[in-house]
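Okay, structure first, notes after.
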Amino acid sequence: MTNYEPGYYPPPAMPPVPYYAVPVSPEGPATAALTLGIVAVFLNVFFVPGILAIVFGAKALNHQYTQGRSKAAWGLALGIAATIVSVGIAVFLLAALASTPTTS
């Protein structure tokens with residue numbers, strides 16, 4: 001403890017900083033679905049972006065929020081389209097590999 005001179009008091013303590021929670025955006029899964037859907041159309045690597053776009057789009061459409069529904073719908077549609085195209089390309093490549101004659 002420190003002794004203060006008469007008439008001198010220590011400065012008041014800092015008031016506590018109020019805690020404000022950052023509001024969670026209800027558009028998070030919808031934005032993720034749209035972003036992954038766009039990525040899946042251009043860079044579809046092992047079906048992963050398309051499938052994730054479908055999952056996030058369906059999750060966002062099942063929420064009660066009305067914000068971001070168009071983003072979720074577009075992300076879902078792009079994810080489905082990219083996955084269908086990827087499956088078609090994979091089937092085509094597998095069929096081409098299977099019909100390739102082997103040399104012996």
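The values are calculated or read from the model by the stated rules, or taken from the named source; none is laboratory data. Computed from a predicted structure; not experimentally measured. Positions of Cβ are backbone-derived with ideal geometry, glycine not excepted, and every protein chain shown enters the neighbour counts.
Scan Ala60, Ala95 and give me the residue that is surrounded by fewer than 19 Cβ atoms within 10 Å (Cβ to Cβ), out of contact with any strand residue (DSSP E or B) (no Cβ under 9 Å at 6 or more places or on another chain) and at pLDDT 90 or above.
On the way: Ala60 fails: surrounded by fewer than 19 Cβ atoms within 10 Å (Cβ to Cβ).
After ruling out the rest, the residue left standing is Ala95.
Does Thr31 satisfy being hydroxyl-bearing (Ser, Thr, Tyr), buried (at least 17 other Cβ atoms within 10 Å of the Cβ) and assigned to a helix (DSSP H, G or I)?
Details: hydroxyl-bearing (Ser, Thr, Tyr): yes; buried (at least 17 other Cβ atoms within 10 Å of the Cβ): no; assigned to a helix (DSSP H, G or I): yes.
Answer is no for this residue.
Please find, within region 34-43, the residue that is nearest to Ala90 (Cα to Cα) out of those that are surrounded by 17 or more Cβ atoms within 10 Å (Cβ to Cβ) and not small (Gly, Ala, Ser).
Val39
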Practice task
Go through region 60-104 and count every residue that is out of contact with any helix residue (DSSP H, G or I) (no Cβ under 9 Å at 6 or more places or on another chain) and in a loop (DSSP other than H, G, I, E, B).
Solution key: 8
Practice task
Evaluate the following for Glu5: is it farther than 30 Å from Ile89 by Cβ and under 12 Å from the mean Cα position of the chain (by Cα)?
Solution key: no
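For region 52-59, check the following and say yes or no: at least one residue is out of contact with any Ser or Thr (no Cβ under 6 Å at 6 or more places or on another chain) and either among the hydroxyl-bearing types (Ser, Thr, Tyr) or part of a loop (DSSP other than H, G, I, E, B) (or both). Before you say what the answer is, go through the steps one by one.
At the first step, the residues of region 52-59 found to be out of contact with any Ser or Thr (no Cβ under 6 Å at 6 or more places or on another chain) are 52-59.
Filter once more, so that each one left must be either among the hydroxyl-bearing types (Ser, Thr, Tyr) or part of a loop (DSSP other than H, G, I, E, B) (or both): none.
No: zero hits.
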